[in-house]
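Coordinate-derived values only; no laboratory data. The structure displayed is predicted, hence computed values, not measured ones. Cβ placement follows ideal geometry from the backbone for every residue including glycine, while neighbour counts extend to all protein chains displayed.
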Amino acid sequence: MSTGEDIAPKVRSILDAARERATAREREGGERVGVDARSLPEAFEAAEADGRVPLIAEVKPTSPTTEGERDDDPVELAESMVAGGAAALSVLTEPEHFGGSTDALERIRAAVDVPVLRKDFVVREAQLDAAEADVLLLIVRFLDEDGTDDLADLLSAARERGFQVLVEAHTAGGVERALDAGAGIVGVNNRDLAKLEVDLGTFEAVASDVSENVTLIAESGIATTNDALAMRAAGADALLVGSAIMDAAGGGDVEANTRRLVAAESDATADAETETHQ
Ligand SMILES: O=C(O)c1ccccc1NCC(=O)[C@H](O)[C@H](O)COP(=O)(O)O
């Protein structure tokens, strides 16, 4: 089944590149990875207990919708995010459109002790073995395409290797497919891959239908503390933030950007208490 016409041309090119990389890996063969994963839900619980908004901060040097590119050492960026209170990290490993690499992922995972998500466009089983990570991303919409593996099969194959899996959707139907395939960690991406537009109302519209037993992550377009509060109020167990932390155009302070979002709830509580006492 192909729903290819629903995907923006830039995204189509990402998907084609992912398929080519899968084919190259299949030709090369290579070892199957076995991961001893750091628990993502436990990292979120620890952040909550500590008064931090559970946040996955993303090492995202550039993207099709980003102006500019950060060429800082990815390990230093990752360490700054953890110093700023990130519960977990996401690392883009897609090389052609996001400036990522599996080498950067492996160096980051060796340098930090929080769970690390491999953010890539995995469409076939062979791609699972490109690098070890604690969490792997599978995108429902991309697995509709011809020449891709079935979502439930990929989910099982990833779990057999020890990965936790974040299954990403953009619509209520996509979330249903994720849950039907057996996902326990679900991301709702506010970025519509058909138009590359971001609307935080996407998460708000979909989140209320998802059971409490599922770890639910709001992804993309979260820039301000008010955005973070809105996503949490709508039911996000955690947030995934890239651009606002990386600030590729301004080259800003990644640690301060992370801390600002992580402290959104504790700062709001402190402000409310101050107002009550005035
Ligand atoms: O970010 C993009 O431009 C993009 C374009 C095409 C496909 C995917 C894309 N992003 C992947 C992501 O899911 C985001 O990097 C992630 O959710 C963080 O989003 P943001 O905080 O808006 O950078």
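For the pair His277 and Glu42, a Förster radius of 25 Å applied to the C-beta separation gives a FRET efficiency near 0.10, rounded to the nearest 0.05. Taking only the alpha carbons of the chain, we obtain Rg and Dmax values of 17.9, 69 Å in that order.
In order along the stretch 210-216, the Karplus-derived 3J(HN,Hα) couplings, from 6.51 cos²θ - 1.76 cosθ + 1.60 at θ = phi - 60°, round to 9, 4, 4, 6, 8, 7, 10 Hz, and Gly and Pro are given as x.
Summarising the label geometry, the points placed 7 Å from Cα in the beta-carbon direction at Ala111 and Glu176 lie 4.4 nm from one another.
Take the Cα of Glu31, step 7 Å toward its Cβ, do the same at Asp103, and the gap between the two points is 1.9 nm. Relative to the longest principal axis of the Cα atoms of the chain, helix 74-83 runs at roughly 40 degrees.
With a 10 Å Cβ neighbour count serving as the proxy for reagent exposure, in which order, fewest first, do Lys119, Lys10, Lys60 appear?
Values: Lys119 29, Lys10 14, Lys60 25.
Arranged by neighbour count, lowest to highest, Lys119, Lys10, Lys60 become Lys10, Lys60, Lys119.
Of all DSSP beta bridges in the chain, what percent run antiparallel (nearest 5)? Roughly 5 percent of the DSSP beta bridges within the chain come out antiparallel.
With neighbour counts taken as other beta-carbon atoms within 10 Å, the residues Ser80, Ser211, Ser13 rank, fewest first, as Ser211, Ser13, Ser80.
In units of the compact-protein estimate 2.2 N^0.38 Å, the stretch 120-278 shows a Cα radius of gyration of 1.15.
The angle between the Cα long axis of helix 9-28 and the main principal axis of the chain comes to about 60°, on a 0 to 90 degree scale. Computed FRET efficiency, Cβ-Cβ of Ala205 and Glu96, R0 35 Å: what is it to the nearest 0.05? It comes to 0.65. Most fluctuating residue of Leu196, Leu89, Leu155 in a GNM of the chain with Cα springs under 10 Å: which is it? In the Gaussian network model the winner is Leu196.
Between helix 40-49 and the chain there is an angle of about 0 degrees, using the helix long axis and the longest principal axis of the Cα atoms. Quick one: grab the alpha carbon gyration tensor of the stretch 1-116, order the square roots of its eigenvalues as a ≥ b ≥ c, and give me rounded if a/c is under 1.5, else prolate or oblate depending on whether a/b is larger than b/c. Prolate is the answer for the stretch 1-116, as a/c is 1.5 or above and a/b outweighs b/c. With the simple model of a label 7 Å out from the Cα in the direction of the Cβ, Thr23 to Thr269 spans 5.4 nm. When only Cα pairs below 8 angstrom with a gap of at least 6 residues are kept, the chain shows a relative contact order of 22 percent.
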